[in-house]
């Protein structure tokens, strides 16, 4: 008899949702296995929103951020002149929700309807909206008056929210910023003067427009998947968390998954389960499948791995968002930054955080944003802007000293298709990752247009008292050729990898959209961002929470009905 009914591999957004939902029945034995440390939700570096800028800054490693990070790297990218990209992922219970920017955006109706139309019935926008509402506690509506400090278009923000699109009783708290930097208001005014309409709710009836982001926060602090989904149910006797445990492969009896092999504290072991669910993310989930004999038969043979199931789609279909950053130096001290002139204000921020959970430390600096179409004939956005009220940046900006601001230009649907592949049969060796940016259907045109749209916003009159100069790429970089060179040199991802175990019914599909089982084997499922058939037009964490909520229902329904793999 197996030790557990469900073994969930990976304690990130999807894994914590599953651990919560699948353990609701006290007769169901659930084990959550996580490679990193447990008990992170109340650690200061995790709960302080501003601390996110320290996780990838080497000079701030003494604060403890690196222990929450797991690093991957692309192969030399031909479209980037052989440049490799660093790809951080969160580590520990909570996963990347411990370290991300906390922005909560669901995506566009067309994204999910596209999933449905690619052979995934039940995964359209109207099917998923109840799950978005189920997972959410929307602070603006749940606590009337919580957004009274924000006036949006000279009207109270909360009066502009349609409750049809939001939930009030879910585990995950979604909130507006507790303190809005004046530069975010400058951005909103300038964007309107540039011709972009205000949008009070990017998760409402329409996504396009300019507005302020909402965040996975509560009372000014970060909310992680561990804090929202796992911590409230730790008391359940039927739920076990195995942390600091690295899964090395899935154990099979013929074509039936029967457990996992793992390493912990230098020792190896095996634990049995009736069902194994991979929720380890778009790099690790396909890597584990291939190490375990599920993937392209030719590639597995090349590495001496015995074949369990020939599924050539494993590791294919890798997608991510492309992002470049425009950096500006400010003449005013309105943006956040470290300077003698701002020293008294910054000291006040410390006290404001300690006593009120407000001010700079309650912000990620990425406060304002916009969803814009670069095609005048379409109102479906293909560009997302992030306006950051300081120069500290997880990607490329110059640092914390001085005053300035950033405009991220993100291409929502780049068109590049990459892959995750084995380098060897050694579980300790990272997989080979290639995005293929600017190859195939992926071009620079949309990013180039997005840069010009962003510059047009900062050229408006509201920025005049604050803007000194554009530092990067610099005002002289204007022609198509010069902008393309800048993009090729500086472009990165927003760390939103998806698609490498895509659900569907086609030849290259990996996961069944009704049962979440891997095609061709029994007792094995995947539930994480890797099952997305295509990337959503937004930060991916909201869609990941949502798909895990729906997957939990599908898993329980399939098992109750005795659905065969």
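So residue 439 fits all but one of (1) over 21 Å from residue 336 (Cβ atoms); (2) surrounded by fewer than 24 Cβ atoms within 10 Å (Cβ to Cβ); (3) at pLDDT 95 or above; what number is the exception? Status for residue 439: all satisfied but (3).
Applying the set (1) free of Cβ contacts under 8 Å to residues at least 40 places away in the same chain; (2) on the phi < 0 side of the Ramachandran plot; (3) assigned by TED's automatic domain parsing to the domain that holds residue 547 to residue 55 leaves exactly one unmet item: (1). Selection within segment 53-77: residues that are in contact with a helix residue (DSSP H, G or I) (Cβ under 7 Å, 6 or more places away or on another chain) and part of a loop (DSSP other than H, G, I, E, B). The member of this set that is surrounded by the most Cβ atoms within 10 Å (Cβ to Cβ) is 55.
Looking at this structure, is residue 366 surrounded by fewer than 17 Cβ atoms within 10 Å (Cβ to Cβ), at pLDDT below 95 and over 18 Å from residue 71 (Cα atoms)? Before you say what the answer is, go through the steps one by one.
Numbers: surrounded by fewer than 17 Cβ atoms within 10 Å (Cβ to Cβ): no; at pLDDT below 95: yes; over 18 Å from residue 71 (Cα atoms): yes.
Here the answer is no, as residue 366 does not meet what is asked.
Somewhere in segment 507-518, is a residue modelled with pLDDT under 95, in a loop (DSSP other than H, G, I, E, B) and within 26 Å of the chain's Cα centre (by Cα)? There is at least one residue in segment 507-518 that is modelled with pLDDT under 95, in a loop (DSSP other than H, G, I, E, B) and within 26 Å of the chain's Cα centre (by Cα).
Taking segment 220-245 as the range and being touching a strand residue (DSSP E or B) at 6+ places or on another chain (Cβ under 6 Å) and surrounded by fewer than 16 Cβ atoms within 10 Å (Cβ to Cβ) as the test, no residue passes. Taken over segment 180-198, the criterion of being crowded, with 21+ Cβ neighbours inside 10 Å and assigned to a loop (DSSP other than H, G, I, E, B) is satisfied by 181, 196. Tell me yes or no: at least one residue of segment 258-274 is in a loop (DSSP other than H, G, I, E, B), in contact with a strand residue (DSSP E or B) (Cβ under 7 Å, 6 or more places away or on another chain) and in the same structural domain as residue 505 (by TED's automatic domain parsing). No: zero hits. Selection of segment 142-178 for residues being in contact (Cβ under 8 Å) with a residue 60 or more places away in the chain and either closer than 26 Å to residue 231 by Cβ or part of a strand (DSSP E or B) (or both) yields 152, 171, 172, 174, 177, 178.
The values are calculated or read from the model by the stated rules, or taken from the named source; none is laboratory data. Just so you know, these numbers come straight off a predicted model, no measurement behind them. Cβ sites come from the backbone with ideal geometry, for glycine too, and all protein chains shown count toward neighbours.
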